[in-house]
Amino acid sequence: MSNTSENIEQKTPETQGELRDKVIAAIKTVYDPEIPVDVYELGLIYEISVFPVNNVFILMTLTSPSCPSAEVIPVEVEQKVKEIAGVNSVEVELTFDPPYSQDMMSEAAKLELGFM
């Protein structure tokens, strides 16, 4: 039995990395209803952490504190990540520090929105 636990321990970092990739892919399916770019490419995701037992923590922001979708986007991010097989729990925390700016967008988002 100890051999099995050794294999699990050796696979954990790879598994967490793979799960993080799946979390990013899920987040990329969430869009701000007013902007035709996903929230990941917009730069709204500040941190993604995958902890042991596949607990996921996401620190994110919105384009502004008065964003009309403030109630919808974080809930949708949480729901999409919870749908991933193997995810145990998801916590999404909103922050406005640092404040969002267009500099946080990926080059792909800037191109899509005509900023480049």
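Bear in mind these aren't lab numbers, they're just calculated from the coordinates by the rules spelled out. All figures in this text were calculated on a predicted structure; none of them were measured in a lab. Here the Cβ positions follow ideal geometry from the backbone for every residue, glycine too, while neighbour counts run over all protein chains shown.
Considering only region 31-59, state which residues are part of a loop (DSSP other than H, G, I, E, B), in contact with a Lys or Arg (Cβ under 9 Å, 6 or more places away or on another chain) and not hydrophobic (A, V, I, L, M, F, W, C). Within region 31-59, Tyr40, Glu41 qualify. Residues of region 60-104 that are out of contact with any helix residue (DSSP H, G or I) (no Cβ under 9 Å at 6 or more places or on another chain), in contact (Cβ under 8 Å) with a residue 40 or more places away in the chain and of a type outside the set (D, E, K, R): Ile73, Thr95, Tyr100, Met104. Scanning region 60-112 for residues that are part of a loop (DSSP other than H, G, I, E, B), among the β-branched types (Val, Ile, Thr), within 20 Å of Glu41 (Cβ to Cβ) and in contact with a Leu (Cβ under 8 Å, 6 or more places away or on another chain) turns up Thr61, Thr63, Ile84, Thr95.
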